[in-house]
Structure formats: structure tokens, C-alpha cells
Amino acid sequence: MSTEREYECIVIGAGVQGSFTAYQLAQRNKKTLLLEQFVLPHSRGSSHGQTRIIRKAYEQDFYTHIMEECYELWAQLEREAGVKLYRQTGLLVMGPENSQSYQLFKDTLQRNKVPMVILNRDNFSQHIPHVNLAEGDGAVVDITAGVLYADRALKTVQGQFQKLGGVIRDKEKVTDIKPGPVVTVSTSAGVYRAKSVVITAGPWANRLLAHTGLQLPLKVVKINVCYWREKVPGSYNVKQRFPCFLLTEGKESKMHIYGLPSNEYPGLVKICYHAGAETDPDQRDRQTDRSDIDILQRYIGRCLPGLIPEPAVVESCMYTLTPDHHFVLDCHPVYSNIVFGAGFSGHGFKFGPIIGKLLCELSLGEVPSYDLSPFRIRRFQAKTKSAL
Ligand SMILES: Cc1cc2nc3c(=O)[nH]c(=O)nc-3n(C[C@H](O)[C@H](O)[C@H](O)COP(=O)(O)OP(=O)(O)OC[C@H]3O[C@@H](n4cnc5c(N)ncnc54)[C@H](O)[C@@H]3O)c2cc1C
């Protein structure tokens with residue numbers, strides 16, 4: 001086999017997690033191949049689109065802790081590439097004052113001394129015009145939060161990976177993985193070998209893991225990415241300092257609703273429901289459920305009077321959910337040189353740089369920089385084939 005087909009590490013899937021993992025490996029001078037089934041860039045996985053929210057506001061301390069370093073890594077990439085990837089806007093968290101979820105967000109921010117502002121009913125509309133704070137709701141702003149330019153970030157990290165000598169092969173679908181001390185990876189175009197393999201296949205994770213005899217309890221759902229038109233252009237614009245927002249629960253639903261200021265599409269505000277209907281990732285557009293849009297329309301009609309409660313643009317994206325909505329970052333229970341990052345449950349983008357670092361460490365057999373116990377597969381009692 002030619003040396004072009006032999007690598008220290010092969011990363012499967014060039015979404016945000018695979019791209020950052022490959023970049024981290026290349027930074028460590030590892031000869032790395034990044035494989036992607038579609039022609040790049042594409043809009044058929046989970047990492048495409050103009051924007052994502054970045055925040056320290058979480059219900060669990062471990063995410064807030066990891067975000068500390070993650071912000072630095074995003075800034076480092078911006079400096080290295082000379083590209084702006086982040087815009088600070090703040091994140092307004094709203095929810096029933098006496099609910100567990102809202103209190104957890106608020107407590108985590110306070111306990112971790114994240115710069116924040118607590119708003120009350122008297123000063124709310126002065127700080128956040130054009131939003132009705134529901135009766136009984138509290139409001140707190142995570143000042144550190146903002147918007148990541150997602151498509152630009154992917155292009156940037158892939159470009160930096162290539163500058164470091166990394167190889168990307170797109171339009172090469174992985175069709176087989178043969179575990180062993182040296183792993184053999186077959187694609188639609190060839191066969192490659194590597195000391196270790198990282199699987200970051202997003203909604204297709206279980207299809208890839210099946211080649212290694214492992215299946216995770218993952219559910220893939222389609223998200224309707226909705227943009228809503230401002231009645232008065234500019235009212236919810238990023239330049240007017242309108243923040244990102246997250247409603248922990250409301251009259252319409254127990255699930256989160258989140259939004260970003262109008263920016264990427266002038267006059268349109270992105271507001272989505274943090275849940276969707278199950279789908280096959282290869283048949284995403286056959287899923288036509290719009291019950292989430294009904295919920296959003298009712299919420300917008302009630303609380304965002306400056307928006308027309310009819311979506312102006314609807315795009316599609318997918319979440320890969322775990323039962324507890326925490327990520328999966330682990331080594332294969334039988335083949336320690338096969339590592340995977342999966343189940344990012346609709347909130348993994350902001351963590352890309354740190355996920356890349358952690359998966360790189362796992363694939364090199366190093367002790368990871370953070371305690372990965374919330375992300376290990378033993379919490380699921382993952383099913384492995386007895387044949388292994
Ligand atoms: C609407 C929406 C809004 C979101 N908002 C936020 C947010 O505000 N903040 C945040 O932090 N996160 C957010 N997320 C979540 C975040 O975008 C995802 O967690 C993240 O993009 C997951 O990345 P990934 O690399 O795991 O998956 P993907 O981006 O899907 O990448 C997996 C890649 O693997 C490739 N692949 C699969 N199978 C094969 C194969 N056999 N051979 C080769 N390649 C293969 C796929 O084609 C794909 O490119 C949001 C997600 C959605 C859908």
C-alpha cells in the first residue's frame with residue numbers, strides 16, 4: 001500500500017467535530033486524513049448554516065467549565081486564520097422563575113461567576129424592547145454569549161487543517177471499517193489504513209459504528225430552522241444590541257425555544273424549537289412534521305409582537321439526540337484505537353474546538369484534559385455484539 005493511503009489517524013465525517021479533531025491532530029504533527037461522504041461544503045448534516053449560539057449559560061457546571069477554555073480556543077483560531085468567527089451579543093435566558101430549569105441556569109451562572117445581569121419586570125423592557133416577559137418568568141443575561149458564524153468556522157478550521165498538511169477527501173463515503181492494531185477503512189474510492197480512527201459522523205454515527213459491532217441509543221430528528229420577518233426592519237437587529245435568547249419553557253411547550261438577532265438574513269430573526277420529529281438522515285426531507293412551527297407561531301404571537309408570526313424562511317438541519325442529551329465522547333470498549341464523538345443533541349457546535357482536543361487526546365491514548373465521565377458510554381450500557 002502506498003504511503004498516501006497510510007495515516008496516523010483517519011477522522012470520519014467533516015462536520016464541526018471531525019474538522020476540529022483533524023485540526024488538533026495536525027497541530028500535534030500527526031499525519032491525518034479527514035474523510036467526508038459529500039462534496040464540501042454541504043447542508044445535509046448538522047453543522048451547516050450561518051450561525052450558532054455560543055454561551056456559558058448551562059444547567060450543568062461541567063459544560064460551563066469546559067466553555068472557559070473553549071472561548072480561548074475559538075479566539076486562537078480567529079487570530080491564526082485572521083477571520084472573525086464570533087460576535088458577542090449576550091444571551092437572555094427566560095423561564096418560569098420557580099421552575100427547576102430556569103433556576104439551574106441562573107445558579108450555574110452565579111456559582112461560576114460568569115458575567116451576568118439579572119433583569120426584573122421593571123427594567124426588562126428598557127433593556128430588551130419588543131419582547132413580552134411572560135407573567136411569572138425570570139430573566140437573566142449571560143454577557144459572554146454570542147453568535148458563531150458556523151459555515152465560516154467550518155471553512156476556516158478545514159483550511160487551517162490543510163495548511164498544517166492535513167488531507168481532506170470529500171465525496172468519499174466510508175463503506176467499511178476493519179478494526180485491528182492497524183485499522184482498515186474502505187471508502188467509495190479506496191482503502192486506507194491508520195493507527196487510530198475517530199468517528200464523528202453526526203446523524204450517521206450508528207451506521208459507522210455498526211462496522212465495529214457497537215450501537216448507541218441515538219435518535220435523529222429533523223429541525224425546522226425558521227426565520228421570522230421583523231414588522232419594523234431593525235427592531236431585533238444585532239446592531240441594536242438585541243441578544244440571543246433561550247426560553248427554558250413556556251405556555252406553549254416544556255422544551256426550549258431559542259433565537260438569534262437578525263443579522264445574516266437582513267430583516268429576519270432565527271427562532272427555533274429545540275425538538276423535532278424522528279428522521280432517517282438519508283431521507284431527511286421526507287419528514288414533513290410542522291408541529292414545532294405551530295408552537296413557535298403561538299409563542300411569537302404572544303411574546304414577540306414585532307415579528308410576523310408566519311415563518312418567512314424554513315431551512316432544515318438535524319439533531320442526534322442521546323437519552324440524557326449529553327454528548328458521547330469515548331473509546332470503543334473493545335478496540336481502544338477507535339474513538340468516537342456522537343450524540344451532540346443539538347448543542348455541540350460551540351464546543352467544537354474542545355471536542356476536537358478531547359477526541360485527539362483519546363485517539364493518541366492520552367489522559368483527556370477534562371473528566372469525561374458524563375460523556376462515557378457506560379452510562380447507556382451500550383450493546384456490543386457478543387461475537388466481538
Ligand atoms: C438547527 C440547529 C441549530 C443548532 N444550534 C446550535 C447552537 O446554537 N449552538 C450549538 O452549540 N449547537 C447548535 N446546534 C448543534 C450543532 O450544530 C451540532 O451539535 C453539531 O453541528 C454536530 O456536529 P457533528 O460534526 O457531530 O455532525 P455533522 O455536522 O452532521 O457532521 C457529520 C459528518 O459526517 C459525515 N459522514 C457521515 N457518514 C459518513 C460516511 N459513511 N463517510 C464519510 N462521511 C460521513 C456527514 O456527511 C457529515 O458531514 C444546532 C444544530 C441544529 C441542527
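The values are calculated or read from the model by the stated rules, or taken from the named source; none is laboratory data. This one's a predicted model, so the numbers in the text were calculated from it and none came from an experiment. Cβ coordinates were reconstructed from backbone atoms using ideal geometry, including for glycine residues, and neighbour counts include every protein chain displayed.
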Among residues of region 294-327 being closer than 19 Å to residue 237 by Cα and part of a helix (DSSP H, G or I), the residue nearest to the ligand (Cβ to nearest atom) is 300
Only one of 294, 285, 280 is more than 20 Å from residue 16 (Cα to Cα), modelled with pLDDT under 95 and over 18 Å from the mean Cα position of the chain (by Cα), namely 285
Practice prompt. Return a yes/no flag: does region 160-168 have any residue that is without any contact (Cβ under 8 Å) to a residue 60 or more places away in the chain, farther than 30 Å from residue 90 by Cβ and not acidic (Asp, Glu).
Written response: yes
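Working carefully through the options 222, 239, find the one that is among the basic types (Lys, Arg) and within 13 Å of the ligand (Cβ to nearest atom).
So the residue among 222, 239 that is among the basic types (Lys, Arg) and within 13 Å of the ligand (Cβ to nearest atom) is 222.
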State yes or no: is residue 28 away from the ligand (no atom under 16 Å from the Cβ), outside the structural domain of residue 250 (by TED's automatic domain parsing) and either under 20 Å from residue 372 (Cβ atoms) or modelled with pLDDT under 95 (or both)?
yes
Restricting region 185-224 to residues that are part of a strand (DSSP E or B) and of a type in the set (Gly, Ala, Ser), the one surrounded by the fewest Cβ atoms within 10 Å (Cβ to Cβ) turns out to be 186
Before we move on, is residue 8 modelled with pLDDT of 95 or more and surrounded by fewer than 24 Cβ atoms within 10 Å (Cβ to Cβ)?
yes
Residue 73 vs (1) under 24 Å from residue 375 (Cα atoms); (2) over 18 Å from the mean Cα position of the chain (by Cα); (3) more than 12 Å from the ligand (Cβ to nearest atom): all pass except (2)
Checking 149, 102 in turn, the sole residue that is under 30 Å from residue 251 (Cα atoms), of a type in the set (Phe, Trp, Tyr) and modelled with pLDDT of 95 or more turns out to be 102
Flagged pairs (Cβ under 7 angstrom, 6 or more apart or on separate chains; first in region 200-218, touching a residue at least 24 places away in the same chain (Cβ under 8 Å); second aromatic (Phe, Trp, Tyr) and surrounded by fewer than 24 Cβ atoms within 10 Å (Cβ to Cβ)) are 212/335; 216/380; 217/380
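Taking region 115-129 only, how many residues are in contact with a helix residue (DSSP H, G or I) (Cβ under 7 Å, 6 or more places away or on another chain) and farther than 17 Å from residue 242 by Cα?
Here the count works out to 0.
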The residue from 138, 90, 95 that alone is surrounded by 21 or more Cβ atoms within 10 Å (Cβ to Cβ), in contact (Cβ under 8 Å) with a residue 24 or more places away in the chain and over 25 Å from the mean Cα position of the chain (by Cα) is 138
Residues in region 116-132 that are in a loop (DSSP other than H, G, I, E, B) and either polar (S, T, N, Q) or without any contact (Cβ under 8 Å) to a residue 12 or more places away in the chain (or both) total 4
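Which of the following residues is farther than 27 Å from residue 374 by Cα and within 16 Å of the ligand (Cβ to nearest atom): 49, 15? Walk me through how you get there before you give the answer.
Values: 15 fails: farther than 27 Å from residue 374 by Cα.
49 is the lone residue from the list that is farther than 27 Å from residue 374 by Cα and within 16 Å of the ligand (Cβ to nearest atom).
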Within region 158-177, residues surrounded by 14 or more Cβ atoms within 10 Å (Cβ to Cβ) and among the basic types (Lys, Arg) come out as 169, 171, 173
Scanning region 215-238 for residues that are of a type in the set (Ser, Thr, Tyr) and touching a strand residue (DSSP E or B) at 6+ places or on another chain (Cβ under 7 Å), the one nearest to residue 296 (Cα to Cα) turns out to be 227
Scan region 343-361 and tell me whether some residue there is outside any helix (DSSP H, G or I), touching a helix residue (DSSP H, G or I) at 6+ places or on another chain (Cβ under 6 Å) and in contact (Cβ under 8 Å) with a residue 24 or more places away in the chain. no
